Amino acid sequence: MNEQSHANDSTVRILLVGEREVGKTSMIYSLVFEEFDEEVPPKFEEITIPAEVTPVNIPTVIVDYSAQEQSEKELFEELQRASVICIVYAINNEMTIDKISTYWLPLIHQKLGENHNIPIILVGNKSDLVEYSSIETVLPLMNQYKEIEICVECSAKNLDNLSEIFYYAQKTVLYPVTPIYYPEERELSDNCKTALKRIFTICDLDNDGILNDLELNNFQTYCFDSYLLSQTLDDVKYILRSIIPDGVSENGITLPGFMFLLTFFIQRGRHELIWIVLRKFGYNNSVKLDDHYLHPNFTPALLTDCFIELSPKGYQFFINLFHKYDTDHDGALSPAEMAAMFSICGEHPKWLQCDYTQIVHTNERGWITLLGFLSIWTLTAFNDPSQTLIYLGLFGYMFVSGEKSQISALHIIKDSRMDKYEKQTARNVFLCNLVGPKGAGKSCFMRLNA
């Protein structure tokens, strides 16, 4: 699968392809000069639109492909570089419409792969020459090819809908529909459901399966930097209750209600709101957690003379996490409570895959206590800080703490030589090796001191 993603690129690159004389060059000319010219060159030179004059505030490059001026090899190179592809056809020319499915889409699949994630827009030009729409003719292609985001019509001659076309192109790169929604089924994609369930669980600070008003406003402020008035929250819950009764409880919005609300925004063409939420919680254009989110700028290999421990903020986060999932308040995490905690992580940490109960404090049933829980994360931070950062991200450290990255959960103690010189240390964690012959009681000693 082609994992190419342009969501976080600094520039949006729009490629126009299509048959000769459908008006690709005229569209660009009319957009740039705000007037139509009957005589245009076979190909318009690549142009860059500055960020400040685009609605999405991102530099945009528009590329015109001409079979008359360029080779097939150059076309393939441009397809690889494109952030979004506009297949232009002439509304008054059925042959150019037929070529979309018989030539252009198969060609794009051939060069980018069947599962490529470059969004495609079908653009019908020359709407000024006809009194009908071609949308119904090309609409079936949207169901057949999931990468087609939208079908629109315009007129380069009348300058009708041109700026909107390029705005749609920018929007499909930044906020693509295909990865988050299945139009045929009218429901969220599987990846999007998984992501939103994780987000709901992180925001549900008291772990009661409901987002109360405070938790909803925490979510709103974190994602959109705005606060919801009490009346607004009541209105949202009233609408949800009338449409999806199990979407609202006495205390707030349930997971089905949360999912329905975000699906509603997509169906109303406001899918950019979903992407704002997803990206705040670390997701990329494939609706997978981004490497930069899980691995912030942190290079422990370079810190050869340093020791890494959990910071007070890190300890407080894990204390809160423990209490969140200790639903029966018995001071220990049962296997079911541990499973619930790691259900949003996908992969379990290494220590959970072995018999960790032999090395940390547990209760009489072998369930990990708060002391044992903090001990094991202390050990993980000391031995494998990178994995610690991953799980801090998975558990939503930034949302809960208000910090910009997980790094604030770690305390880096530099230059171990200062320990010897000062005869004191700022360290709280030390590595001790217990040695002795077989049968001397090393394991027993460890268990007694756990």
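Tabulated values for the structure
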quantity: Inter-residue pairs, beta-carbon under 9 Å, first under 24 Å from V173 (Cα atoms) and in the same structural domain as I121 (by TED's automatic domain parsing) and in region 82-105, second of a type in the set (F, W, Y) and part of a loop (DSSP other than H, G, I, E, B), 6+ apart; calculated: S101/Y145; L105/Y145
quantity: Out of E114, E72, E77, sole residue that is under 24 Å from the mean Cα position of the chain (by Cα), surrounded by fewer than 21 Cβ atoms within 10 Å (Cβ to Cβ) and not polar (S, T, N, Q); calculated: E114
quantity: Cross-chain or 6+ apart pairs with Cβ under 7 Å, region 223-244 first and in contact (Cβ under 8 Å) with a residue 24 or more places away in the chain, then among the hydrophobic types (A, V, I, L, M, F, W, C) and part of a helix (DSSP H, G or I); calculated: C223/I276; C223/V277; F224/I276
quantity: When residues of region 153-168 are limited to those that are part of a helix (DSSP H, G or I) and touching a Leu at 6+ places or on another chain (Cβ under 9 Å), the one nearest to S30 (Cα to Cα); calculated: L162
quantity: Qualifying residue in region 265-284 (condition: closer than 29 Å to I180 by Cβ, in contact with a Ser or Thr (Cβ under 7 Å, 6 or more places away or on another chain) and either of a type in the set (V, I, T) or in the same structural domain as L392 (by TED's automatic domain parsing) (or both)); calculated: no
quantity: Residues of region 344-365 satisfying the condition of being surrounded by fewer than 17 Cβ atoms within 10 Å (Cβ to Cβ), at pLDDT below 90 and of a type outside the set (A, V, I, L, M, F, W, C); calculated: G346, E347, H348, K350, Q353, D355, T357, Q358
quantity: Residue identified as closer than 22 Å to I210 by Cα and in contact with a helix residue (DSSP H, G or I) (Cβ under 6 Å, 6 or more places away or on another chain) among L310, L262, L321; calculated: L262
quantity: Only listed residue being over 20 Å from L278 (Cα atoms), crowded, with 17+ Cβ neighbours inside 10 Å and at pLDDT 95 or above, chosen from N218, N212; calculated: N212
quantity: Breaking point among (1) at pLDDT 95 or above; (2) not in a loop (DSSP other than H, G, I, E, B), for I407; calculated: (1)
quantity: From I108, I100, I85, I121, residue being surrounded by 17 or more Cβ atoms within 10 Å (Cβ to Cβ), outside any helix (DSSP H, G or I) and in contact with a Leu (Cβ under 9 Å, 6 or more places away or on another chain); calculated: I85
quantity: Residue that is nearest to A156 (Cα to Cα) [pool: residues in region 25-57 that are among the charged types (D, E, K, R) and within 33 Å of the chain's Cα centre (by Cα)]; calculated: E46
quantity: Number of positions in region 22-69 that are more than 16 Å from S10 (Cα to Cα) and surrounded by 11 or more Cβ atoms within 10 Å (Cβ to Cβ); calculated: 25
quantity: Residues being within 25 Å of G393 (Cα to Cα), among the polar types (S, T, N, Q) and not in a helix (DSSP H, G or I) - total across region 348-372; calculated: 1
quantity: Unique residue being within 23 Å of Y29 (Cβ to Cβ), among the acidic types (D, E) and assigned to a helix (DSSP H, G or I) when the list is E74, E69; calculated: E74
quantity: Identity of the residue in region 124-152, assigned to a helix (DSSP H, G or I) and of a type in the set (D, E, K, R), that ends up nearest to the chain's Cα centre (by Cα); calculated: E136
quantity: From the options C154, C192, residue that is not polar (S, T, N, Q) and not assigned by TED's automatic domain parsing to the domain that holds V63; calculated: C192
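The values are calculated or read from the model by the stated rules, or taken from the named source; none is laboratory data. Remember, it's a predicted structure, so these values are computed and weren't measured experimentally. Reconstructed Cβ throughout: ideal geometry from the backbone, glycine too, with neighbour counts over all protein chains shown.
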